[in-house]
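The values are calculated or read from the model by the stated rules, or taken from the named source; none is laboratory data. Bear in mind that the values here come from a model prediction, so they are computed numbers and not experimental data. As a convention, Cβ positions derive from the backbone with ideal geometry for all residues, glycine included, and neighbour counts pool all protein chains shown.
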């Protein structure tokens, strides 16, 4: 004699929403670097009963994409030669040369030297100064 029983309805695998994309691992791309971002989701409930959608394997629970694939901009300082030492009376003289005999290389006062230093972007040239 047959007996009445309940057959569970098929249930699909339940997944969480995707997390937001992670920060990019690099700010730009170079010869040996490439930025990537990742995001993930998790299984909230496995499928129950026959006929429901199966849960994906672990590799399908994470996504990876490239990011910041623009080339890196490289800057460096370009320095000029030091200019002539010009006496500056606003700087107090030290006793560095006191007690030494005066010769051709003796210094009598303190001065200032300057040189030009500019910021250069590789493959582009001088970066204009900000106003």
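Only strands (runs of 3 or more DSSP E) whose full extent lies in segment 45-131 are considered here, and the ones with at least 3 residues that are surrounded by 10 or more Cβ atoms within 10 Å (Cβ to Cβ) and at pLDDT 90 or above are 62-67.
Scanning segment 34-44 for residues that are assigned to a loop (DSSP other than H, G, I, E, B) and exposed (fewer than 13 other Cβ atoms within 10 Å of the Cβ) yields one hit, 42.
Going through (1) in contact (Cβ under 8 Å) with a residue 24 or more places away in the chain; (2) surrounded by 11 or more Cβ atoms within 10 Å (Cβ to Cβ); (3) not assigned by TED's automatic domain parsing to the domain that holds residue 120 one by one, residue 8 falls short only on (2). Checking residue 25 against (1) at pLDDT 80 or above; (2) not assigned by TED's automatic domain parsing to the domain that holds residue 63, which test does it fail? Of the numbered conditions (1) at pLDDT 80 or above; (2) not assigned by TED's automatic domain parsing to the domain that holds residue 63, the odd one out for residue 25 is (2).
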